[in-house]
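The values are calculated or read from the model by the stated rules, or taken from the named source; none is laboratory data. Remember, it's a predicted structure, so these values are computed and weren't measured experimentally. Cβ atoms come from the backbone with ideal geometry, glycine included; neighbour counts cover every protein chain shown. SASA here: full protein model, heavy atoms, side chains in, ligands and nucleic acids out. Shrake-Rupley method; radii C 1.70, N 1.55, O 1.52, S 1.80 Å.
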Number of protein chains: 2
Amino acid sequence: MVCMSTVSKENYLKAIFNYNVNIGESATTKKIAEELSVSNAAITDMAKKLSEEGLISYEKYKGMELTTEGEKIALNVVRRHRLWELFLVKVLGLNWNEVHEEAEKLEHQTSEFLIDRIDEFLGYPEFDPHGHPIPSKNGTLPKTPKIIPLYEAEKGSTYEFVRVNDRDSELINYLMKVGLLLNTEMFIEDKLKFDESTMVTYNGKTISLSKKIAESIYVKLLKK
Amino acid sequence: MVCMSTVSKENYLKAIFNYNVNIGESATTKKIAEELSVSNAAITDMAKKLSEEGLISYEKYKGMELTTEGEKIALNVVRRHRLWELFLVKVLGLNWNEVHEEAEKLEHQTSEFLIDRIDEFLGYPEFDPHGHPIPSKNGTLPKTPKIIPLYEAEKGSTYEFVRVNDRDSELINYLMKVGLLLNTEMFIEDKLKFDESTMVTYNGKTISLSKKIAESIYVKLLKK
DNA sequence: ATCGCAACTTAAGCAAGCTTAACTTTTTTG
DNA sequence: CAAAAAAGTTAAGCTTGCTTAAGTTGCGAT
C-alpha cells in the first residue's frame, strides 16, 4: 500500500495548498499545526509520510511544498468543498455563513461521480458563495480578476466586494446584518487615520468598517 | 468520555437495527460481521463497548439488541441515509441504483441542521426511492401498508410494486432495464411450479421473474 | 559571533478499530 | 446423548493519527 488517501491526508494537503496559495511561501510546521489544530509533532510525522508518497516535497526544518501530484489531490478537495458550499446555498437556501462547516465534512465523502453531477447541476460555476474560485474537473482554476483587501482601497474609488474568507462565520454574519453581500458595489468615502477604519457607501448606506474587517474582505476596482 | 458516537459505531448500530427490524430477532455476531465485512472478533469487541455505553443490550453468546437509546441513534442514521437517497434522486436526478453507496458515506457527515433542511426541502417525505420508510425527526416511522414478497403473491391478483432492497444495485439495474419501477401496478399472470418463477404483466408487458427476484421485491395487494 | 528562544524533530505512548490464532460455548446431528 | 461443527470469545498484535516530553536546529537581537 503506497498511497492510500485518507480524510486526514486530504486535510493536510488542503492546508498546505491554502498556505502556499494565500501566503505564497513554503508551509511551515507551526502554521499547518495551527490550521489543523494538532501538535507540531503530528505535522512532522505526516510530512514524512506525505513526502514518502510523493505528495509533498519536504526537507527537515525547511517547510513543505506540494508536488504536482499532491496539488492535484488538494485541488480536488478544494473543488469538492467549494462546489458543496455553492450547492448548499443555491439549492437548500443555506446562508453563506452556514455552509463552510458542512462542506468541511462532505468534501471527504463525495465520489467523483457525485461531485461531477453537482458541478453539472450548478452549470459549471467558477466561484463559490464567498468568491473563491472553484477548480474545474481537470484541476484548473478560473482566472480571477485582480483583487485587493478593502483596506488597501483608495478613497474616492468604486469597488466591487468579491471575496471573504469562508472560515470566519462571525464576520460573515456581521456582513449579512449590515446588508453587505458579495458583488455589492461600494464607494470609498474616506479612510480615517485615527483608527485606520474605512468609510464606505453601498446601496445608499454609509458605514464605517474597522481595520480588521477591511483587511478581511476583498474587492475589485470598478471606477477610479 | 463515555459515549462518543463515531462512524464505526453508527454503522454497527444501523446494522443491528436493520437485522432486528428485518429479521425480527436478536442480532448474532456472525450476521453483523458479514453485514459489515469485518471479523467476528471485531463484533465481540464492539459489542462490549456499545453495551457499556448503554446503546445495546448484550450477553455473551446470546446476541445483541438495541436499547431505546441505541435505537434512537440507529433511527437517526437511517433517517439521514434515506433522506440523502431521495434527495440525490429527486434533485440531482441520480438513478435509484446509484444512490445507496453515496448515502452510505454522506449519512455520517450530515449535521442535524442540514438533514432537517433536506427533509424540509423534500416536503417531509415518508418513503425513500426504494420504498423504505423514512424516520421522522423525532424518530417515528411512517405506517407502512402490509407488504409481501412478490414470491408470495397470488395468481390472478393485482399488486403494486412498493419496495426493493437498496443494496442490490444489480437487481435494481435489471428492474430499470425492464421498466419495472416503484409504484408500478402488476398483475400476476401465473406462478410456474417448474422453476418457481412468477409471470407478471405491467404496462401491457408480460415477463417472467425468477424465484430469487420475486423474493427480493415487495408488493402491496391492490385487487384480489 | 553567539546567546537564547522559537520552531522543529524524535521518541515513547495511547485509543480506536481492526486482524489472526487459539480457545470456549452452543448447536446440530447421527 | 455424545461428538463434531458452527458460532462466539479472548488474546496478542497491527496501523493510523494523534499526544506529551525531551532533545535538536536555526535565527534574530544584542
* To do: Over region B:30-105, consider all pairs of different Cα atoms and compute the Kirkwood hydrodynamic radius from their mean reciprocal separation; express it in Å, one decimal.
  => 14.2
* Solvent-accessible area per residue for chain A at a 1.4 Å probe radius, Å²? -> 53
* Structure fact -> Copies of A:T144 compared via label points 7 Å along Cα→Cβ give distances in nm, shortest first, of 5.0
* **For chain B, calculated [θ]222 nm from helices alone, where every DSSP H run of n ≥ 4 adds -39500 (n - 2.57)** => -13000 deg cm²/dmol
* Asked: If you plug each phi of region B:159-172 into the Karplus form 6.51 cos²θ - 1.76 cosθ + 1.60 with θ = phi - 60°, what whole-Hz ³J(HN,Hα) values come out, in order, with x for Gly and Pro?
  -> 10, 10, 6, 10, 7, 8, 5, 6, 7, 8, 4, 5, 4, 4
* To do: Bin all alpha-carbon pair distances of region B:78-143 at 10 Å intervals from 0 and give each bin's fraction as a whole percent.
  => 24, 61, 15
* Structure fact -> Output field shielding_mean for B:83-93 (other chain Cβ, 10 Å radius) holds 2
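Given a cut-off of 27 Å, what percent of all Cα-Cα pairs of the protein assembly as shown lie beyond it?
Result for the distance tail: 65 percent.
Which semi-axes, in whole Å and largest first, does the equivalent ellipsoid of chain A have when worked out from the alpha carbon gyration tensor as the square roots of 5 times its eigenvalues?
On the way: eigenvalues 226, 93, 43 Å².
Semi-axes, largest first: 34, 22, 15 Å.
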* Structure fact -> Cα convex hull volume per residue for region A:167-224, in Å³, equals 91
* Structure fact -> The summed charge of the A:A41 Cβ neighbourhood (under 12 Å; Lys/Arg +1, Asp/Glu -1) stands at +1
* **Cβ-based net charge around A:K137, under 9 Å, with every Lys or Arg adding one and every Asp or Glu removing one** => -2
* Given A:K14/A:K155; A:K193/A:K224; A:K143/B:K90; A:K143/A:K224; A:K9/B:K49; B:K105/B:K211, which pairs have Cα atoms separated by over 25 Å? -> A:K14/A:K155; A:K143/B:K90; A:K9/B:K49; B:K105/B:K211
* Structure fact -> The FRET efficiency for A:N165 and A:N40, from their Cβ-Cβ distance with R0 = 25 Å and rounded to 0.05, is 0.55
* **Formal net charge of residues neighbouring B:S169 (Cβ-Cβ distance under 10 Å; K, R +1; D, E -1)** => -4
* ³J(HN,Hα) computed for each position of region B:46-59 - Karplus, 6.51 cos²θ - 1.76 cosθ + 1.60, integer Hz, glycine/proline x -> 5, 4, 4, 5, 5, 5, 4, 7, x, 8, 9, 9, 9, 10
* **Cubic angstrom per residue, convex hull over Cα atoms of region B:7-66** => 68
